[in-house]
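One structure below.
Computed from the coordinates by the stated procedures, all read-outs in this text should not be read as laboratory data. The structure displayed is predicted, hence computed values, not measured ones. So basically every Cβ, Gly included, is an ideal-geometry build from the backbone, and we count neighbours across all protein chains shown.
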């Protein structure tokens, strides 16, 4: 049987050394936890189109293709055994001030120092931010693999 996985896009906005996170609420998944603005790739959509859409839908900012840089990716296995592949994009610039554009899915947004993320940050997000800070293009999260001890057990 061929392997299938959700494909996610996650947006890294950095301002004055801080990264923007959104606190999930009312979604049924990781509610109360902090996450990067993100979402699933939709049918017929390329990765860059997806992150542009998510930026507009979730935090009300406009980014252009030339504003974006894919900085890392994570193959994530959650505790329930569901796998995802996430592509993390940094926006070098954006238009508009971020705001909570989806209050039915998010209780608040806030800026946090990248090396001091809240303890209740989604492990997938935490792994991606760490990889981005270290300049590493790929990592595993949740998979039992001895080659990634820094990310194991998060």
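Please report the antiparallel percentage of DSSP beta bridges with both residues in the chain, rounded to the nearest 5.
Of those bridges, close to 65 percent are antiparallel.
Between 135, 44, 32, the residue with the greatest mean-square fluctuation in the GNM of the chain (Cα pairs under 10 Å linked by springs) is 44.
Counting only alpha carbon atoms, the long axis of helix 123-134 and the longest principal axis of the chain meet at about 80°.
Taking every DSSP helix (H) stretch of at least 4 residues in the chain, weighting each as -39,500 (n - 2.57) and dividing the sum by the residue count yields a mean residue ellipticity at 222 nm of -5000 deg cm²/dmol.
Taking the centroid of alpha carbons for each part, segment 11-36 and segment 128-143 are 17 Å apart. The overall shape of the chain, judged from the alpha-carbon gyration tensor, is rounded, with an a/c ratio under 1.5. Computed from label points 7 Å out along Cα-Cβ, the spacing between residue 82 and residue 56 is 2.7 nm. Look at the alpha carbon pairs under 8 Å that are at least 6 residues apart: their mean separation over the length of segment 6-141 gives a relative contact order of 32 percent.
Applying 1/(1 + (r/R0)^6) with r as the Cβ-Cβ distance of residue 27 and residue 66 and R0 = 30 angstrom yields a FRET efficiency of 0.45.
Segment residue 114..residue 18, full-extension length gain: 34.0 nm, with 0.36 nm per residue of separation and the alpha-carbon distance subtracted.
Between 98, 37, 79, the residue with the greatest mean-square fluctuation in the GNM of the chain (Cα pairs under 10 Å linked by springs) is 79. Taking Cα atoms only, the orientation of helix 47-59 departs from the longest principal axis of the chain by about 60 degrees. What shape does segment 51-130 take by its C-alpha gyration tensor, where a ≥ b ≥ c are the square roots of the eigenvalues and a/c under 1.5 counts as rounded, a/b above b/c as prolate, and the rest as oblate? Prolate shape, in that a/c is at least 1.5 and a/b is the bigger ratio.
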